[in-house]
1. Within a 10 angstrom radius of the beta carbon, how do V175, V4, V318 rank from fewest other beta carbons to most?
2. Going by amide H atoms built from the backbone, whose H comes under 5 Å of the H on N102, apart from near neighbours?
3. Say a site is exposed when it is one of the GluC sites (Glu not before Pro), sits in a DSSP loop, and has at most 12 other Cβ atoms within 10 Å; what is then the longest site-free stretch of the chain?
4. Restricting attention to the chain, give the cysteines that have no other cysteine Cβ less than 4.7 angstrom from their Cβ.
5. If R₀ is 25 angstrom, what is the calculated FRET efficiency for the pair I42 and D87, using the beta carbon separation as r and rounding to 0.05?
6. If I stretch the segment between I50 and N102 completely, what's the gain in nm (0.36 nm per residue apart, minus their alpha carbon distance), one decimal?
7. Residue separation times 0.36 nm, minus the C-alpha to C-alpha distance between S72 and K176: what's the value?
8. Where a ≥ b ≥ c are the square roots of the eigenvalues of the C-alpha gyration tensor, would you call the stretch 182-311 rounded, which needs a/c under 1.5, or, failing that, prolate if a/b is larger than b/c, or oblate?
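Please treat every number below as a calculation from the coordinates, not as lab data. What you see is a predicted model; the values in this text were computed from it and never measured. Don't worry about glycine lacking a Cβ; one is built from the backbone with ideal geometry, like all the others, and counts go over all protein chains shown.
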Amino acid sequence: MRSVISIAPGKSILFGEHAVVYGFPAIAMAISVNSECRINEIEENKIKIILYNYDQVFEANNIKTLSQKFSSKYNQISECFYNFQKDYGVQIENVEIKIISNLFPSAGLGSSASIAVSLINALNCYYELNLKKEEINSLAYELEKIVHGSPSGIDNTICTFGNAIYFENGKFDYVKIPQEFLFLITYTNIEHNTKEAINRIRHLKEINSKQTEQFLKQIGKITKKAKVELTRNNIQEIGKLMNLNQKYLSNLQVSNEQISEIINISLKNGAFGSKLTGAGLGGCVITLGKRKDLEKISSILKAKGYKSFIAKNDKLGVICEKK
Ligand code: MEV
């Protein structure tokens, strides 16, 4: 009986979220907290989908019946199956597909992109299609559009390729995050909706276009500077740029009370810089600092009910193991 496991990292955006949707650059890092998709061949003539995190199981004899059973929340999964049948002539049958994500959901850590990339790569691997990462990435982008409306594509790209990237208008270069740069990621305990955050800024742009464009442009400039400072290992300056980036995100109305509380605690306790990461309106905060400071910050935040962890940079991107 055939079996594959595909694993895709999550991500954290260091600079440039939201501005990246309008063509400005952003820098993102893949993190070693991941999503996985297992496909096992089964004897029964059916397709069984297990969404482990949602405690949901769906079963049917064919894709059409299966997708009718899905709520619209899982549209991207049925879309993915249809695309594979249509584009690659693959008949999805006699399989159990289990999807597990170790990422906080709707928290700015790329859970939807990471799940999409791991699912696509699992199908690629199981049906031996030999798709290149570029193709996996563009298929994942199509699924991301279903979930987020008009995403920039940075999330699917970083979850596919791993490492850290400087992304602009659908293209990217790898950037190196110096090893001594440690990032603490803290969850605000608030699930956010990326589409809602993107729409909020679009609305802001409609009602106050000049100022909103100015904020987005400033974020673009900060990201460009950060790219240079990363090559200089200038941790102090990177911290300052993170704080400045946060100021503009706050002007764009995607920050909130919990994000500010986490940032204030972090900066008071020795962090070089701290900002929201991802779409905002909740989700996570990313903080740059020395290990001992980050550990102290983490325990203060824990006492306040916030979970955090020091992120490891994933270097592999999506991978697949066959059994
Ligand atoms: C979400 O992780 C990042 C945003 O910039 C949206 C996007 O780039 O698609 C908010």
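1. Result, fewest neighbours first: V175, V4, V318.
2. Under 5 Å from the amide H of N102: N34, S35, E36.
3. 181-323
4. Within the chain, the cysteines lacking a partner Cβ under 4.7 Å are C37, C80, C159, C284.
5. 0.55
6. Working it through step by step, the gained length comes to 17.2 nm.
7. 33.6 nm
8. oblate
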